[in-house]
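Before any comments, here is the structure.
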Amino acid sequence: MQINQEYLYLEYWQKIEEMLRVNNDYSEVNNFFTTFLIYKTNNIVNEKKLYNAFVKFFKNYDKSQEEILSELKINARIFSAFIGNKIYSKSIQEILKSYDYIDQKTLFPFLLHIFNDFEKKDNRRINANKSIGVFIILFIT
């Protein structure tokens, strides 16, 4: 079944861009895709080869276009918290602000793992809070 490309753009792509746009700067969109690919593949992604890496990954990904875009949208929402969108509790926002302060963006792929667990199961919320805090302590000391 062919999905309407305009629907996919409006429902997913445009919303991803809106979540990640800072003022009129779209650089966080590239940062998100780099982080997402590292999160999914556990491999370093050269930003100059980001588009090719993205296409290659999703060609081999056994999901429909809509499923892929849905997963991207969920992870873009999570990533948006890393860049200052206030979607989590105040305590988590303060912890994430600390990551920005110590300039540890290299942890973002790992944080996507933690926050995906955080989003999936309520009983993991306390553990996610603790995990996020532990990483702050490790990188500050």
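The values are calculated or read from the model by the stated rules, or taken from the named source; none is laboratory data. Please read these numbers as outputs of a predicted model, since none were measured by experiment. Glycine gets a Cβ as well: all are built from the backbone with ideal geometry, and neighbour counts include every protein chain shown. With ligands, DNA and RNA removed, areas are computed over all heavy atoms of the protein, side chains included. Shrake-Rupley method; radii C 1.70, N 1.55, O 1.52, S 1.80 Å.
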Computed over the stretch 1-89, the convex hull of the Cα set has an average projected area, in nm², of 6.7 nm²
What is the extension gain from residue 90 to residue 11, computed as 0.36 nm multiplied by their sequence separation minus the C-alpha to C-alpha distance, in nm to one decimal? 25.6 nm
Taking 12-24, 49-61, 32-44 and ranking on average Cβ neighbours within 10 Å, highest first, one gets 32-44, 12-24, 49-61
Filter 15/73; 15/120; 63/105; 15/48 down to the pairs with a C-alpha to C-alpha distance above 19 Å, please. 15/120; 63/105; 15/48
Excluding residues fewer than 8 positions from residue 49 in its own chain, the aspartates and glutamates with Cα under 18 Å of it are 28
Provide the gained length on full extension for the span residue 27 to residue 116, in nm with one decimal, where the gain is 0.36 nm per separating residue minus the Cα-Cα distance. 29.8 nm
Considering only protein heavy atoms and a probe of 1.4 Å, how much of the accessible area of the stretch 19-112 is carbon and sulfur, as a whole percent? 49 percent
Assuming R0 = 30 Å, what is the FRET efficiency of residue 97 and residue 73, from their Cβ-Cβ distance, to the nearest 0.05? 0.80
